[in-house]
Amino acid sequence: MKRIYLFLFLFCAYVSSFSQSGCSDAQAHIVYAFNNAKTSLEANNFTHLKYYADKSLEAFKRVQNVLSTCDCESVENYTYESIEKLSKVPGTEKMHDAQYFVAKAKDYAQKIITQLDYCTSLDVTAATNYQITDLEKEQLRLQQQQNNLIRQQEALKAQLAKQKEEELVVEKQQLILKTNAAITKHVQAYNDALHALNSKTTIKEDGLKQSENQLISKSVDEIKTYYLKSIKDLTTNYMNVLSTLDLED
């Protein structure tokens, strides 16, 4: 009789595991979506808000891609609603409108996390309603521990990814601030030299610098390339002015 109970238990566990195989993947992605939505709402400027909202949108789409093997009530609807809300953020012109859409997606993400936790937890009574041996109970306990460990690892991975992104943003901000300041100093030094040489020409900063909001979405290499061109243009302009000094009155 115990063999029959064991067979029924393992069969039910197998069916449940197969139907929920995508739920564990969805858990990893939804934590990432939630964290980025939270960071987006904490942003102090429109550019950062949109940047992290887009990261959250990408994660929600990854959740949607694995739901075909995750039979979990309401998750699909919540995911669809979140994608629909976040897709509106790039087209918004007012920050509070974008914050509204991100806040809705964040709320849905929290509901999805709760629902997935429920769906991936193994309820022995509901799954079998049969007597099980101590060995089977131990196997179930170990499986639950493994599921918890996977969730913790994915949450840590998402946190590390978020931290890395935040560090990258800070690196970009420092690069932009320092290079803009350096360009300003160079322009001032060039103009001081031209003034000392009685030149009436003044070198302008126009087109040589961009604001943080304009550059923050670019990669570090793209920002460096932009500034390298600006500095080359500035130097060329200065040399051209110097070459004409002997022609001025």
Open item on the list: Name the residue that is nearest to the chain's Cα centre (by Cα), counting only residues in segment 208-249 that are assigned to a helix (DSSP H, G or I), surrounded by 12 or more Cβ atoms within 10 Å (Cβ to Cβ) and β-branched (Val, Ile, Thr).
Closed with: ILE223
Task: Qualifying positions in segment 193-207 - without any contact (Cβ under 8 Å) to a residue 40 or more places away in the chain and either in a helix (DSSP H, G or I) or under 24 Å from the mean Cα position of the chain (by Cα) (or both) - done: ALA193, HIS195, ALA196
Open item on the list: Of everything in segment 130-188, what is modelled with pLDDT under 80, of a type in the set (Asp, Glu) and surrounded by fewer than 12 Cβ atoms within 10 Å (Cβ to Cβ)? Give them in sequence order.
Closed with: ASP134, GLU138
TODO: Answer yes or no: is there a residue in segment 206-217 that is of a type in the set (Ser, Thr, Tyr) and within 30 Å of TYR52 (Cα to Cα).
DONE: yes
Open item on the list: Against the condition outside any loop (DSSP other than H, G, I, E, B) and under 20 Å from THR47 (Cα atoms), how does LEU177 come out, does it pass?
Closed with: yes
Task: Close pairs from segment 67-82: first free of Cβ contacts under 8 Å to residues at least 40 places away in the same chain, partner of a type in the set (Gly, Ala, Ser) and crowded, with 16+ Cβ neighbours inside 10 Å, Cβ under 6 Å, at least 6 apart - done: none
Task: Unique match (being within 18 Å of GLU166 (Cβ to Cβ) and either at pLDDT below 90 or touching an Asp or Glu at 6+ places or on another chain (Cβ under 9 Å) (or both)) among ASN35, ASN45 - done: ASN45
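The values are calculated or read from the model by the stated rules, or taken from the named source; none is laboratory data. This structure is a prediction, so every number in the text was calculated from the model and none was measured. Backbone-built Cβ (ideal geometry, glycine too); neighbour counts: all protein chains shown.
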